Each structure stands twice: as C-alpha cells, then as structure tokens.
Amino acid sequence: MATNRDVTETEVLQMAETLGLSISAGDLPEVTHRFSALLEQLRKLDGLDLDAADPSAIFPKEAGA
Amino acid sequence: MSDETLLLAPLTEQSEAIRTRKVSSLELTQAYLSRIERLNPKVLAYITVSADLALQQARTADAELAAGQSSGPLHGVPVGVKDQLFTRGVRTTGGSALLRDYVPDYDATVISKLQQAGVVLLGKQNMEEFALRGTRNHPYGDPRNPWDLTRIAGHSSSGSGAALAAGLCAAAVGEDTGGSIRNPGNVCNLVGLRPTFGRVSRHGLLQGSWSMDQASPIGRTAEDCALMLQAIAGHDPADALSSAQPVPDYRAALSGGVRGLRLGVVSELKLDGSADSDVRAAVEAAIVALQGLGAVVEEVSLPLINLAGPLFVAIADTDAAAVHYQRLREHPEGFDPGTRSRLLAASLLPVGLYARAQRARTLLRNQMVAALGRFDALVSPMSARPALRLEEETAPMATKEEVLRRQFAARNYTTPFALAGLPAASIPCGFSRDQLPIGFQVGAAPFAEATILRVASAYQTVTDWHTRRAPLN
C-alpha cells in the first residue's frame with residue numbers, strides 16, 4: 001500500500017541518500033512531484049484483488065515458446 | 001538522380017526500381033545522402049550518418065545484382081536505425097551524451113539480420129535519451145517533425161519518424177517500450193508496428209525495460225512494415241526471451257481483407273469532449289471505413305486499461321532506473337535533466353509496490369487476452385491530440401498535477417499493449433486542420449502481427465492518408 005499523503009522533499013532526499021543517490025537542489029522539486037504522483041497513482045491498485053495474480057513480467061506462452 | 005520522388009516512395013517501389021535496374025542501389029544511396037546533407041540540419045533526424053559504409057554496401061548490392069544474386073526485397077534498399085541498436089564500428093549513443101564516444105565491437109542481431117537481407121545502412125537515428133520520453137535538450141539536437149518543424153516527431157524513436165517523413169530513408173527500425181515506434185508513426189503519418197514481445201531479438205539493443213523493449217519497424221505503408229518485420233523477426237539464441245514461434249509470411253497475409261474480422265473498439269480509450277475534435281473525427285471515420293470493408297465492429301470494455309499509465313511508469317521507469325543505477329550514482333550530471341529526474345524518482349519506488357504493479361499487470365494482460373479471444377483485433381485512438389509543440393513536451397514538471405496530466409493519462413493509449421506483451425501498430429487516418437497527421441491504433445493477440453498488417457493494408461487500399469508527404473524541401 002502506498003502512503004495517502006504527498007511525500008516531502010526532505011523524505012525524498014533521505015530515501016535517495018540510503019540508495020547512494022544524490023539529488024541536486026535544482027532537481028529536487030521535480031523528483032518529488034514525480035514520486036508523489038506515482039505513489040498517488042499506485043493507490044488505485046488498492047481496490048484490486050492482487051493476491052489472485054502472480055507478479056508476471058514475461059508471459060510463458062510467448063517468450064521462449 | 002535529379003528527381004527525388006523515389007526517395008519519398010514506399011520501400012516496395014524503391015525495391016522494385018532496384019530489382020528492375022531502373023535505379024542502382026548506389027544512385028539511390030547517393031541521392032539519400034545528398035538529401036540528408038541538405039535536410040538533416042532542419043529535422044535533426046540522424047546522429048551519425050555512415051556514408052562510407054552505406055556507399056560500400058550499395059556498391060556490393062549492385063555487384064551482387066549484376067551477378068544475378070539477390071538477398072530479397074530489401075536488397076540494396078537504404079534504411080536507417082535508431083541509435084539504440086549496436087553497430088560494430090559505428091558509434092552508438094543511445095541519444096545520450098554519456099555514450100558520445102561509444103563504439104560497439106559487435107552488431108545487434110537486428111543489424112545482422114538487416115545486413116543479411118541486403119539493406120544499405122544510412123546511419124544511426126536520433127532519439128530521446130536512453131529511449132525515455134521527456135528529454136529536455138537532446139544532446140544531438142531536438143528532432144523536428146517534418147510536418148511542422150516547431151513540433152515533436154514523437155517519442156522516443158523520434159529520429160526514425162522524422163527521417164522517414166522527411167524522405168531521408170526508405171524505412172527504419174526503431175524500438176518500442178511503451179509506444180516509442182507507434183508515437184512517431186502517429187505524428188509523422190507512418191505505420192509503426194510494435195511486434196509481440198519475443199518476436200524480435202533484443203540482443204545488442206540498449207536496454208530500457210527488460211520485459212517490454214522491442215525493436216520495431218516503421219514504414220510508409222503496411223507492406224513496407226511487413227517486409228521490414230520479415231527481415232528482423234525470429235528466434236535468437238543470444239536473447240533468452242526471444243520466441244521460437246515460426247515466422248509467417250507477413251507480405252502474403254496482407255491481401256486477406258477485413259471482411260468478417262471482429263474488431264473491438266476499446267470503450268475506455270474512446271475520445272471524449274476534452275480530446276482534439278479533429279483527432280476524434282478522424283479515428284471515428286477510420287472505424288466506419290473498416291466497417292465499410294466488412295469488418296464486424298463492436299465496443300469492448302477493458303476497465304484495467306485505465307491503470308496502464310501508472311503501471312507502465314512503476315515498472316518501465318523502475319527497470320530503467322536499475323539499468324542506469326551506477327551511472328546515476330557516479331555521473332548524474334551526464335544525464336539530461338528530464339531523464340535524470342525521471343530515473344531518480346523511479347529509483348525510490350519500494351520493491352513491494354513494484355511487485356504489486358507486476359501483479360496488476362498480469363490482471364491487465366489477462367483481461368486483454370480474454371478480449372482477444374472474442375475479437376480478432378482491438379482498435380483505439382493513438383492519442384487525444386496531434387503532435388505537441390516542442391516546448392510543451394520539454395517543459396519541466398513544475399507541479400504534481402502536471403506530472404499526473406503529462407505522465408500518466410496520456411500513456412493509457414499505447415502502454416497497455418506493451419505491458420501485455422502484445423503487438424500493436426499506429427496507422428495514418430487523417431490530418432488536423434493544422435495539417436498535422438493523425439493515426440489510430442490496432443492491436444492483436446500474441447504473434448498476430450499478420451492480422452494487424454492485414455487490417456492496415458485493407459484500410460490503406462481505400463484511403464490515401466499514407467500517400468501524403470510532408471511539405472519539406
């Protein structure tokens with residue numbers, strides 16, 4: 001489940017730091033907007049029965065068939 | 001060649017002219033190189049023009065023909081490829097300044113297959129950085145749409161679309177992760193065909209999303225795309241995910257017509273009042289034309305398609321962030337600002353949410369495949385608007401609302417097929433009042449590229465949109 005509030009620039013910086021990534025002051029607002037928007041969009045998945053599906057990326061009947 | 005008409009003709013006509021010796025491959029190649037020299041500064045379609053290689057390949061093609069040897073319909077035909085495909089001895093930048101001097105020591109399988117088919121390689125075509133939509137300042141110049149030089153030529157195989165629409169190659173091979181061959185097709189009046197995942201080898205293709213990247217042909221007609229796909233499709237031991245399914249004769253499938261074919265118009269992608277009225281009218285007219293040809297058209301509801309944009313960003317952007325993780329850590333300044341912010345945001349996504357997105361992707365795929373059990377093909381618009389102005393596409397994302405508008409809803413048209421691993425194509429179907437091309441989309445079941453080409457070909461027998469050329473000279 002994703003958080004139901006926007007993340008802050010400080011939180012974004014902290015998360016990036018744990019990954020060894022640096023975000024410049026110039027990039028920070030846009031990265032924060034993008035990440036907040038993605039989390040908001042992924043909340044739409046909360047209404048789905050996701051346990052009924054495997055997390056597939058490749059569909060066996062196609063690849064390597 | 002003083003007359004450049006042939007340069008703007010379908011690949012099939014150029015092929016026939018070479019075969020019947022009305023023109024030599026060398027003459028055609030020289031004419032293209034001359035036109036590239038004149039027009040590429042306007043459209044910025046090529047990053048690298050491989051003139052010496054092209055001339056050498058053309059001479060070889062002519063010598064083989066003189067000796068009675070032909071590799072088939074692509075023999076001696078000059079084409080271009082997106083600068084995402086590795087070319088031995090020819091630099092491959094991926095549209096990034098970070099790879100400005102990178103020269104691969106091997107060819108992508110697609111390049112090898114094209115060479116076996118006898119093509120002449122004119123050069124490497126411009127693209128958004130690492131095939132990610134949203135490049136602010138292309139390091140090799142912003143590709144321009146030949147129909148209106150103030151507008152984009154699509155994303156991310158923009159150079160391939162621009163080159164073809166400007167008459168700077170006979171056909172091209174680009175790549176489609178979430179719509180990157182169909183979008184240039186849509187805005188440049190071309191047919192862009194994304195094959196089924198696994199239909200074309202990814203070996204030697206700069207990676208974006210490992211489960212969606214597909215090298216893809218783009219051409220002026222359905223038949224041109226059929227010939228290009230024929231050349232590059234097939235199993236490749238170097239790509240563990242490539243399919244061993246037999247490759248059909250795509251050209252032979254073109255003449256089937258659409259009488260009795262069941263076409264499902266996707267309800268969720270129908271354009272409402274907020275869409276451009278010219279686009280809406282053109283797509284509706286295309287569907288009517290297909291009905292007139294005997295297709296059985298019904299609406300089909302695929303509610304999960306509304307999740308495609310977010311699922312694509314969650315999965316494809318995260319995959320790309322993983323690909324570029326080391327570069328992002330060590331050389332963040334080397335990326336374009338638009339690419340960098342996109343990759344940095346995706347880097348932060350928790351793996352639990354990524355897995356949830358993959359689960360939802362399975363549900364979406366199941367829904368689409370079930371519908372394709374009832375319909376031979378799915379039909380939808382390609383977008384709600386014609387080509388955007390460059391500044392609209394490249395402006396920074398100043399608010400979260402802007403991200404939501406530009407990053408997610410606009411992606412619902414093309415990304416469902418990519419997420420589901422299904423083939424789909426953009427097909428020219430009209431022009432806006434500003435003379436900007438409009439396309440519609442046809443998608444089909446796994447490995448049913450022939451069905452898509454059949455629909456496109458039938459449509460092109462009763463319409464002439466695809467015969468119009470950009471006013472560029």
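The values are calculated or read from the model by the stated rules, or taken from the named source; none is laboratory data. Since this is a predicted model, take the numbers as computed values, not measurements. Quick reminder, even Gly has a Cβ in these numbers, built from the backbone with ideal geometry, and neighbours come from all protein chains shown. Ligands, DNA and RNA are stripped out before the accessible areas are found, and what is left, the full protein with its side chains, is counted by its heavy atoms. Shrake-Rupley method; radii C 1.70, N 1.55, O 1.52, S 1.80 Å.
Observations on the model:
- Qualifying residues in segment B:385-423 (those that are under 23 Å from B:Gln367 (Cβ atoms) and open to solvent by 30 Å² or more (accessible area, probe 1.4 Å)) - the one farthest from the other protein chains (Cβ to nearest Cβ): B:Tyr413
- Residue check for B:Ser341: of a type in the set (S, T, N, Q), within 30 Å of B:Tyr140 (Cα to Cα) and open to solvent by less than 10 Å² (accessible area, probe 1.4 Å): yes
- Candidate set from segment A:3-60 (those that are open to solvent by 60 Å² or more (accessible area, probe 1.4 Å), of a type in the set (Gly, Ala, Ser) and closer than 26 Å to B:Ala308 by Cα); member that is nearest to the other protein chains (Cβ to nearest Cβ): A:Ala52
- Residue check, B:Val283 assigned to a loop (DSSP other than H, G, I, E, B), away from chain A (no Cβ under 14 Å) and open to solvent by less than 20 Å² (accessible area, probe 1.4 Å): no
- Of the criteria (1) in contact (Cβ under 8 Å) with a residue 24 or more places away in the chain; (2) not in a loop (DSSP other than H, G, I, E, B), which one B:Leu241 fails: (2)
- When the criteria are applied in full, B:Gly94 fails the requirement of being assigned to a loop (DSSP other than H, G, I, E, B) and modelled with pLDDT under 95.
- Within segment B:286-336, if we keep just the residues that are surrounded by 22 or more Cβ atoms within 10 Å (Cβ to Cβ) and more than 14 Å from chain A (Cβ to nearest Cβ), the residue that is farthest from B:Arg259 (Cα to Cα) turns out to be B:Ala286.
- Entry remark, segment B:244-274: residues being touching a helix residue (DSSP H, G or I) at 6+ places or on another chain (Cβ under 8 Å), on the phi < 0 side of the Ramachandran plot and surrounded by 14 or more Cβ atoms within 10 Å (Cβ to Cβ) number 17 in total.
- Some residue of segment B:66-78 being in contact with a helix residue (DSSP H, G or I) (Cβ under 6 Å, 6 or more places away or on another chain), open to solvent by 40 Å² or more (accessible area, probe 1.4 Å) and either under 26 Å from B:Arg220 (Cβ atoms) or touching a residue at least 40 places away in the same chain (Cβ under 8 Å) (or both): yes
- Qualifying residue in segment A:12-29 (condition: on the phi > 0 side of the Ramachandran plot and either at pLDDT 95 or above or more than 17 Å from the chain's Cα centre (by Cα) (or both)): yes
- Exactly one residue out of B:Ala355, B:Ala346 is of a type outside the set (Asp, Glu) and touching a residue at least 24 places away in the same chain (Cβ under 8 Å), and it is B:Ala346.
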